[in-house]
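**Q** One structure, pasted below without further comment.
The values are calculated or read from the model by the stated rules, or taken from the named source; none is laboratory data. On a predicted model such as this, the values are computed, not experimentally measured, just so you know. Heads up, the Cβs are rebuilt from the backbone with ideal geometry, glycines too, and the neighbour counts pull from every protein chain shown. Ligands, DNA and RNA are excluded from the accessible area calculation, which covers all protein heavy atoms including side chains. Shrake-Rupley method; radii C 1.70, N 1.55, O 1.52, S 1.80 Å.
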Amino acid sequence: MRATKTETKVRQEQIAQAAFAVVERHGLRGLNVARVAALVGVVPSGLYRHCGGKDEVLETVLDAIADRLAANVARARAAGGNALDRLHSLLTLHLTMVRSQSAIPRVVFSDELLHGRPTLRRRMHTMVSSFVSQVETLVREGQLEGNLRVGPPPEAVAMLFVGLIQPAVLLWTMSAGEMDLDAHAETIWPLFVQAIGTLPPPPNSSSPPPTPRCP
């Protein structure tokens, strides 16, 4: 039974990778079982053992994206450092993932998924909500540790963090990769830190003022 589960997981990852490749070449509308099966190296009827059609292929794709998002959060945690370090690691990992798998934003931002398939839309909503919740946990931990400002609600900070990523990735996708995601991250990160990081300690009012120098 364990071997069967392992083989199924491997096959699902192969299907997801093949689907990403098809989307990169032909767009989401060009995604079909025959093209995925050809890249996996099986006949279409063999693929139907693991997915019943395009919608199930897309479910596999969304599951793969969710796994990658969760893995990035785990890697950011493993990288160590304080809360800001972990969030910065997560930002870097996310942008690296997008650059290496450009089909991911094409799926996530697809009008076909957002409006045409209610079941898949709900699945994608769950996936994105889960990622935001994981970021929220990182923020809450940072506030408890004293690395992040306590006032802002963690859920608001998590949404602000996601806002650093999504518009930039959308523009990067629309520009066919011409936008410099690294430059964007380098510019926007200090502003994010300024907004949610701990404030510098106030000056010590008990200290005597500096002695003025005579001209």
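**Q** So, R0 is 35 Å and r is the distance between the beta-carbons of N82 and T119; what FRET efficiency does that work out to, to 0.05?
**A** 0.30
**Q** Quick one, could you list the DSSP H helices from the chain stretching 15 Å or more along their long axis (Cα atoms) with average Kyte-Doolittle hydropathy of -1.0 or above?
**A** 2-26, 54-78, 83-100, 118-145, 154-174, 181-196
**Q** So what is the relative contact order for the chain, in percent, with contacts set as C-alpha pairs under 8 Å and at least six apart?
**A** 18
**Q** Between the stretch 18-58 and the stretch 62-95, what's the alpha-carbon centroid distance in Å?
**A** Computed from Cα coordinates, the inter-centre distance equals 28 Å.
**Q** Still on this structure: What FRET efficiency comes out for E141 versus R75 if R0 is 22 angstrom and r is the Cβ-Cβ distance? Round to the nearest 0.05.
**A** Efficiency computed from Cβ-Cβ geometry: 0.85.
**Q** Can you show me the helix-derived [θ] at 222 nm for the chain, built from DSSP H runs with n ≥ 4 at -39,500 (n - 2.57) apiece and divided by the number of residues, rounded to the nearest 500.
**A** -24000 deg cm²/dmol
**Q** Evaluate the distance, in nm, between pseudo-label points positioned 7 Å from the Cα of D63 and of E186 along their respective Cα→Cβ axes.
**A** Each label point is offset 7 Å from its Cα along the Cβ direction, giving 4.0 nm.
**Q** A further question on this structure: Give the long-range amide H neighbours of L148: residues separated by 5 or more places, or on another chain, with amide H under 5 Å away, using H modelled in the peptide plane at 1.01 Å from N.
**A** Q143
**Q** What FRET efficiency do you get for S129 and V150 if R0 is 22 Å and r is their Cβ-Cβ distance, rounded to the nearest 0.05?
**A** Efficiency for this residue pair is about 0.35.
**Q** I need the Debye-formula profile for the stretch 87-163: one equal scatterer per C-alpha, no solvent, reported as log10 I(q)/I(0) at q = 0.14, 0.18, 0.21, 0.25 1/Å, two decimals.
**A** Each listed q maps to, in turn, -0.56, -0.83, -0.99, -1.15.
**Q** Okay, moving on. Where in the stretch 69-93 does the amide nitrogen come within less than 18 Å of the point 7 Å from the Cα of S100, taken along Cα to Cβ?
**A** Within reach of a label on S100, which here means backbone N under 18 Å from a point 7 Å along Cα→Cβ, the stretch 69-93 contributes 69-80, 88-93.
**Q** What's the carbon and sulfur percent of the chain's accessible surface, probe 1.4 angstrom, rounded to a whole number?
**A** 57
**Q** Give, in whole angstrom and from largest to smallest, the semi-axes √(5λ) of the equivalent ellipsoid of the chain, with λ running over the eigenvalues of the Cα gyration tensor.
**A** The answer is 44, 18, 14 Å, longest axis first.
**Q** While we're here: So how far apart, in nm, are the two label points at R29 and E7 if each is 7 Å from Cα heading toward Cβ?
**A** Label-label distance for R29 and E7, simple model: 3.9 nm.
**Q** Accessible area per residue of the chain at 1.4 Å probe, in Å²?
**A** Solvent-accessible surface per residue comes out at 57 Å².
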